[in-house]
Amino acid sequence: MLLSALGFASIGTACQGVETEASESYQFHSTKPSNQYVRMAIPSNTFSIDSNEVKEITEVSAQPVEKPTETPREEPPAAEPVDHVEDEVETVIIGDYTYHKILDERFKSHITIAEKHGAHLYGIPESDGFMIYHESEGILLSTSTGAAMADVEHAEVLIDYFSTEDWTEYTGIVEGIKHVLETGEEVSVDLGDYVGYFISLDNGRIVVFW
C-alpha cells in the first residue's frame, strides 16, 4: 500500500524536527511526545450495504416455509430466519456515525482479530471507516484512511491488526508500536517509495499514521 503524497506530507508536518531517512531496512527516529491532536479522516467507497437487497431478504425470510409433503397451515411462524436477518444488519451508533456489523468474507482477517478479543467488526457504509467493537468494553480499535488508533489498554488489538500479511511492507511497524508503548517516544520511519509510518501517544491512546 503506497502512502499518498498528501498524507505523507501531513505526517511530515506533524513531525517537524523528527529526522527521517530512507533505507532498505528501517530505523527509528524518536522524539518526546508532541501531544498533537489527532483527527480521523472519513474516507469513501470501500464498504457498502445494498439496502434494497437487505429489504428483499427480510421480506422473503419472514414468510412461512411451505413443504410439499406437509400442510402449510400447521407450520409455526418462521421466527428464526427473521432474527438471523436482524443480526446481520446489527448497527452501533457512535457520535454522528452509524456502523454496521460486517460478516463479509472479504474482511475475514479483521473479523478474526475481532473475534479473538470477544468483539465484532463494524463499518460505516460507503466508506472505509471501521472499528472493532466490544459490547461491554466499547471501541477496541478504530481505523480510517491512513490512520488507526486504540486505547493503550487495548494496544494488543492494534498490534494484532498490524501483524497480518497486509502490513509486511511496513517493516518494523509492530516493533515501533511496542517501542512507543514502552518509552512514550514518538517513532517516525521512512522506508522510501512513499512508504512510511508515524506512531505516537495521544491522550491515553496510541495512534499510527501511514
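What follows draws every value from the coordinates through simple rules; no lab data is involved. Note that the structure is predicted; figures quoted are calculated from it, not measured. When we count neighbours, we look across all protein chains shown, and the Cβ atoms used for this are built from the backbone with ideal geometry, even at glycine.
A few notes on this one:
- The distance linking segment 190-210 with segment 103-151 is 19 Å (Cα centroid to Cα centroid, whole angstrom).
- With the simple spin-label model, which puts each label point 7 Å out from Cα in the Cβ direction, the ILE93 to GLU105 separation comes to 3.4 nm.
- Since only SER136, TYR99, ILE111 are under comparison, the one whose Cα sits farthest along the positive direction of the charge dipole of segment 88-210, derived from C-beta charges on Lys, Arg, Asp and Glu, is SER136.
- Long-range HN-HN contacts of GLU90 with modeled amide H, under 5 Å: LYS101
- Net lengthening on full extension, GLU153/ASP166 (0.36 nm per residue, minus Cα-Cα): 2.3 nm
- Computed from backbone phi with θ = phi - 60° and the Karplus coefficients 6.51, -1.76 and 1.60, the 3J(HN,Hα) list for segment 192-198 is x, 6, 6, 10, x, 7, 9 Hz; x is used for glycine and proline.
- Both radii come from the Cα set of segment 81-210: Rg as radius of gyration, Rh as Kirkwood radius; their ratio Rg/Rh reads 1.00.
- DSSP beta bridges fully contained in segment 81-210 are about 100 percent antiparallel.
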